[in-house]
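Let me begin by presenting the structure, written as structure tokens, before commenting on it.
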Amino acid sequence: MSTIDPNSAQAALFEKLGITKQSEAQKASSDTLGQSDFLKLMTTQLQNQDPFAPMDNGDFIAQMAQFSTVTGIQEMNNSIGKLVEEFDQARISTASNLLGHSVLVPGNFGRPNEDGELHGVLDLPEQTLFTKLTYFDAETNEELHSEDLGSLGDGLVGFSWANIPQEILDKNKRIKIEALIDTGNGPEQLSPSIYSKVISASVGTGETKQVLLNVEDYGDIDVSSAVNFR
């Protein structure tokens, strides 16, 4: 009985298909089988199968399904990669549009805006018997202004101060805001949120590539933590 050299048989099959043997360098750079090559090999395999022992339909379908799955996963990964890039670009574009605007951040410090006003929000946990706001020069701790807002319902309550001293406006000095409330258990302090100017925007270098806003007096904050804008 004559023996068949598997290497010779493989070479003959590749020659019949018009597929040339790669050099070692080419093989190292491309070890994957393309869809066209796969279909050629599958067709030749069907044409040259033993008629007395044909390929089982299940095996044929399994091979096709496996290749389709791998191809589908690769295409899906490419599509997801493109979507991620587009999403990152959209986030950066959105963040850039916020430059010069104000973002609401939790904190006690703020500065007058272009209109010479300071704006903020109180998040009241429940109805108050009285609510008082006091504004200080952040450098000297000198009291600049106070305002009694009276009894307020629970939830978000906006506030503003328009008659800011000219000296504070000229020097764009930082102002400290303190909120005092009484819900029936005695006076207690409540941390406000202040509208502060967005100076710049950047993208983080981590896997999440979070978009960061550089906010005046507060530094970098994640854009997703920004509650509201003006």
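The values are calculated or read from the model by the stated rules, or taken from the named source; none is laboratory data. Worth saying up front: this structure is predicted, and the values here are computed from it rather than measured. Cβ atoms come from the backbone with ideal geometry, glycine included; neighbour counts cover every protein chain shown.
Quick look at the numbers
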quantity	calculated
Selection count where residues are exposed (fewer than 12 other Cβ atoms within 10 Å of the Cβ) and either modelled with pLDDT of 95 or more or closer than 14 Å to Pro125 by Cα (or both), scope segment 171-186	2
Options Ser193, Ser224; residue that is surrounded by fewer than 17 Cβ atoms within 10 Å (Cβ to Cβ) and either within 21 Å of Leu104 (Cβ to Cβ) or touching a Phe, Trp or Tyr at 6+ places or on another chain (Cβ under 8 Å) (or both)	Ser224
Subset tally (residues that are touching a Leu at 6+ places or on another chain (Cβ under 7 Å), more than 21 Å from Val103 (Cα to Cα), part of a strand (DSSP E or B) and touching a residue at least 40 places away in the same chain (Cβ under 8 Å)) for segment 146-186	2
Residues that are assigned to a strand (DSSP E or B) and either touching a helix residue (DSSP H, G or I) at 6+ places or on another chain (Cβ under 9 Å) or not acidic (Asp, Glu) (or both), drawn from segment 210-226	Val211, Leu212, Leu213, Asn214, Val215, Gly219, Ile221
Residue that is farthest from Leu118 (Cα to Cα), among those in segment 135-145 that are touching a Leu at 6+ places or on another chain (Cβ under 7 Å) and not acidic (Asp, Glu)	Phe136
Top-ranked residue in segment 127-138 [being in contact with a strand residue (DSSP E or B) (Cβ under 9 Å, 6 or more places away or on another chain) and in a loop (DSSP other than H, G, I, E, B); ranked as farthest from Arg111 (Cα to Cα)]	Leu129
Leu104 part of a strand (DSSP E or B) and either at pLDDT 95 or above or surrounded by fewer than 12 Cβ atoms within 10 Å (Cβ to Cβ) (or both)	no
